[in-house]
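Derivation of every value follows stated rules applied to the coordinates shown; laboratory data play no part. Because the structure is a prediction, the values reported are computed rather than measured. Virtual Cβ from ideal backbone geometry, glycine too; neighbours counted across all protein chains shown.
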């Protein structure tokens, strides 16, 4: 096998590996988009428009906190603990409870 043939074989293997990696990334992106769409659909069913708006505002300021809150709401809904749609007032009350717990956990040293 000549050097040119070996180089071409290496190029072909690298190209195939890059194609496989790109395909895997597209699959992961699609799965992520599907999960996000499903989550949004569930939230649309369990939250009033005002509560969804508040959650969107929270997501802009504290995305990780909003993600945790969304997961908690979805878990409550899937467990059947939500009898009706969550209103803005109920969401604010839940936020106050969660923030109260967070404040209790903070420890300061002087």
Net length gained if the chain between residue 5 and residue 18 were fully extended (0.36 nm per residue, minus Cα distance): 2.7 nm
What do you get for the angle between helix 63-78 and the principal long axis of the chain? Use alpha-carbon atoms, 0 to 90 degrees, nearest ten. 70
Rounded to 10°, Cα long-axis angle of helix 49-61 versus longest principal axis of the chain: 60
Euclidean distance between Cα centres, the stretch 69-98 to the stretch 1-33, Å: 45
Given contacts defined as C-alpha pairs under 8 Å and at least six residues apart, what's the relative contact order of the chain, whole-number percent? 27
What nm value, rounded to one decimal, do you get for the distance between residue 83 and residue 41 when each label is placed 7 Å out toward the C-beta? 2.8
Nearest 500 deg cm²/dmol is fine: what mean residue ellipticity at 222 nm does the chain get from its DSSP H runs of n ≥ 4 alone, each adding -39,500 (n - 2.57), divided by its residue count? -29000 deg cm²/dmol
Looking at the chain as a GNM with Cα springs under 10 Å, which of 25, 67, 75 has the largest mean-square fluctuation? 25
Using Cα atoms only, what is the angle between the long axis of helix 88-105 and the major principal axis of the chain, expressed in degrees (0 to 90) to the nearest 10? 80
